[in-house]
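Structure record follows, encoded as structure tokens.
The values are calculated or read from the model by the stated rules, or taken from the named source; none is laboratory data. What you are looking at is a predicted structure, and each value in this text was computed from that prediction instead of being measured. Quick reminder, even Gly has a Cβ in these numbers, built from the backbone with ideal geometry, and neighbours come from all protein chains shown.
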Amino acid sequence: MAQELEDFLNYLSSVKNLSPNTIEAYRRDLTSLFEYVRESHDIENPLNITRPVLQKYFRELFNSGYSRRSIRRKHSAIRRFFNYLLINGKIKFNPATGILHIKLDKPLPDVVSEEKILKMLDSWEPEAIFEIRNKAIIETLYSTGIRASELTGIKIQDLDIERREVRVMGKGNKERIVPLGTPAFNAIFQYIQVREKFNPTSDILFVTKSGKKLSRDMVWRIVTTVFKKLSSLYGVHPHTLRHSFATHMLSNGADLRSIQELLGHENISTTEIYLNLTLPRIKRIYDLTHPRKKR
């Protein structure tokens with residue numbers, strides 16, 4: 001994909017005379033798309049990116065909390081890239097044309113079943129320091145339902161060892177406290193024992209191999225790669241774990257208001273989407289328990 005991207009960026013620079021900052025923004029948006037299709041769909045050639053793949057990509061951006069403005073900016077870059085390929089005869093149809101007319105308001109979120117997540121996490125015994133860090137990341141995401149951007153901002157001092165809680169900074173700089181389950185707490189504790197081997201340059205909890213703060217995209221790649229390798233599941237990302245956390249909590253009896261607080265949703269209407277995923281189970285319980293139903 002690198003050659004097509006560089007040719008396109010050179011075209012924007014030499015022919016369209018766009019500023020370096022604008023060209024760099026195009027590079028980031030397109031690189032993000034290429035990483036997604038490579039990891040989630042095993043697509044290495046941008047000429048093979050289809051309209052359904054782009055539809056799913058934009059829905060996942062929406063589910064991940066991107067604003068409509070950000071999504072439209074990314075769409076503009078992607079559409080312009082495919083127009084470039086179209087003009088140069090490399091494709092016959094621009095798959096990004098008109099794609100944002102698709103309803104994005106309340107798509108049902110993707111989730112991983114409880115059985116698959118628990119089976120993977122319970123059987124995973126990491127040895128290398130990167131695996132220890134990665135398991136701590138995934139256990140934390142599933143245990144708390146926090147966003148990838150919130151996870152990357154956690155500092156050592158945000159952990160409350162005695163209470164087994166972690167303080168996170170959500171959207172709008174709103175702080176909240178979320179509990180850590182025992183497996184997540186143990187995984188973090190194991191990671192902290194080896195964290196110094198990464199030569200951390202700050203008090204950020206999760207760091208790269210060079211000791212720097214992990215980016216949101218790095219966390220995305222870690223989650224996607226681990227689930228693909230250990231569970232043969234493609235396209236699992238941090239927000240999938242957030243969706244799974246909320247759905248599994250609701251399925252096991254948690255009330256919607258508590259889940260709203262844990263997820264840091266400002267409006268409960270945002271949380272209500274998970275009711276659509278658990279409605280079949282609720283109906284089964286109704287059929288089994290309501291006295292008038294049984295009559």
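Answer yes or no as to whether Glu131 is charged (D, E, K, R), in a loop (DSSP other than H, G, I, E, B) and surrounded by fewer than 16 Cβ atoms within 10 Å (Cβ to Cβ).
Here the answer is no, as Glu131 does not meet what is asked.
Return a yes/no flag: does the range 71-79 have any residue that is closer than 24 Å to Lys213 by Cβ, of a type outside the set (Asp, Glu) and either in contact with a Pro (Cβ under 7 Å, 6 or more places away or on another chain) or not assigned by TED's automatic domain parsing to the domain that holds Asn21 (or both).
Checking the range 71-79: not a single residue is closer than 24 Å to Lys213 by Cβ, of a type outside the set (Asp, Glu) and either in contact with a Pro (Cβ under 7 Å, 6 or more places away or on another chain) or not assigned by TED's automatic domain parsing to the domain that holds Asn21 (or both).
Would you call Ser149 among the hydroxyl-bearing types (Ser, Thr, Tyr), closer than 18 Å to Leu263 by Cβ, at pLDDT below 95 and out of contact with any helix residue (DSSP H, G or I) (no Cβ under 8 Å at 6 or more places or on another chain)?
It is false that Ser149 is among the hydroxyl-bearing types (Ser, Thr, Tyr), closer than 18 Å to Leu263 by Cβ, at pLDDT below 95 and out of contact with any helix residue (DSSP H, G or I) (no Cβ under 8 Å at 6 or more places or on another chain).
Among the residues of the range 238-252, is any closer than 18 Å to Ile154 by Cα and in contact with an Asp or Glu (Cβ under 9 Å, 6 or more places away or on another chain)?
yes
Of all residues being free of Cβ contacts under 8 Å to residues at least 40 places away in the same chain and assigned to a helix (DSSP H, G or I) in the range 57-74, which is surrounded by the most Cβ atoms within 10 Å (Cβ to Cβ)? Just the residue, please.
This residue is Tyr57.
Under 6 Å between Cβ atoms, which residue pairs at least 6 apart in sequence (or on different chains) link something in the range 122-143 that is under 15 Å from His248 (Cβ atoms) with a partner that is part of a helix (DSSP H, G or I)?
Sorted first by the residue in the range 122-143, then by its partner, the pairs are Glu139/Pro183; Glu139/Ala184; Glu139/Ala187; Leu141/Pro238; Leu141/Leu241; Tyr142/Leu241; Tyr142/Phe245; Ser143/Ala184.
Being part of a helix (DSSP H, G or I) and either closer than 19 Å to Arg73 by Cα or touching a residue at least 40 places away in the same chain (Cβ under 8 Å) (or both) is the filter here; which residues of the range 8-26 pass it?
Listed by number, the residues that qualify are Phe8, Leu9, Tyr11, Leu12, Ser13, Pro20, Asn21, Thr22, Ile23, Glu24, Ala25, Tyr26.
Select from the range 31-65 the residues that are under 24 Å from Val226 (Cα atoms) and hydroxyl-bearing (Ser, Thr, Tyr) and list them in ascending order.
Those that are under 24 Å from Val226 (Cα atoms) and hydroxyl-bearing (Ser, Thr, Tyr): Thr31, Ser32, Tyr36, Ser40, Tyr57, Ser64.
Being crowded, with 18+ Cβ neighbours inside 10 Å, farther than 15 Å from Ser143 by Cα and not polar (S, T, N, Q) is true for just one of Leu241, Leu205, Leu233, Leu256. Which residue is that?
Among Leu241, Leu205, Leu233, Leu256, only Leu205 is crowded, with 18+ Cβ neighbours inside 10 Å, farther than 15 Å from Ser143 by Cα and not polar (S, T, N, Q).
Farther than 30 Å from Leu230 by Cα and not aliphatic (A, V, I, L, M) - does that describe any residue in the range 135-151?
The answer is no; no qualifying residue exists.
Enumerate the pairs (first residue in the range 200-216 and in the same structural domain as Lys135 (by TED's automatic domain parsing); second residue anywhere and assigned to a loop (DSSP other than H, G, I, E, B) and aliphatic (A, V, I, L, M)) with beta-carbon separation below 6 Å, excluding pairs fewer than 6 apart on the same chain, so at least 6 apart or on different chains.
Correct list of pairs: Leu205/Ile154; Phe206/Leu214; Thr208/Leu214.
Among residues belonging to the range 86-100 that are part of a helix (DSSP H, G or I) and under 29 Å from the mean Cα position of the chain (by Cα), point out the one that is modelled with the lowest pLDDT.
Applying the filter and picking the extreme gives Leu100.
Would it be correct to say that Leu33 is under 26 Å from Leu141 (Cα atoms), assigned by TED's automatic domain parsing to the domain that holds Ala96 and modelled with pLDDT of 90 or more?
yes
Of the numbered conditions (1) closer than 19 Å to Leu118 by Cβ; (2) of a type outside the set (D, E, K, R); (3) at pLDDT 95 or above, Val194 satisfies every one except a single condition; which is it?
All conditions pass for Val194, except number (1).
Looking at the range 163-173, which of the residues that are over 17 Å from Arg242 (Cα atoms) and within 20 Å of the chain's Cα centre (by Cα) is modelled with the lowest pLDDT?
The qualifying residue modelled with the lowest pLDDT is Gly172.
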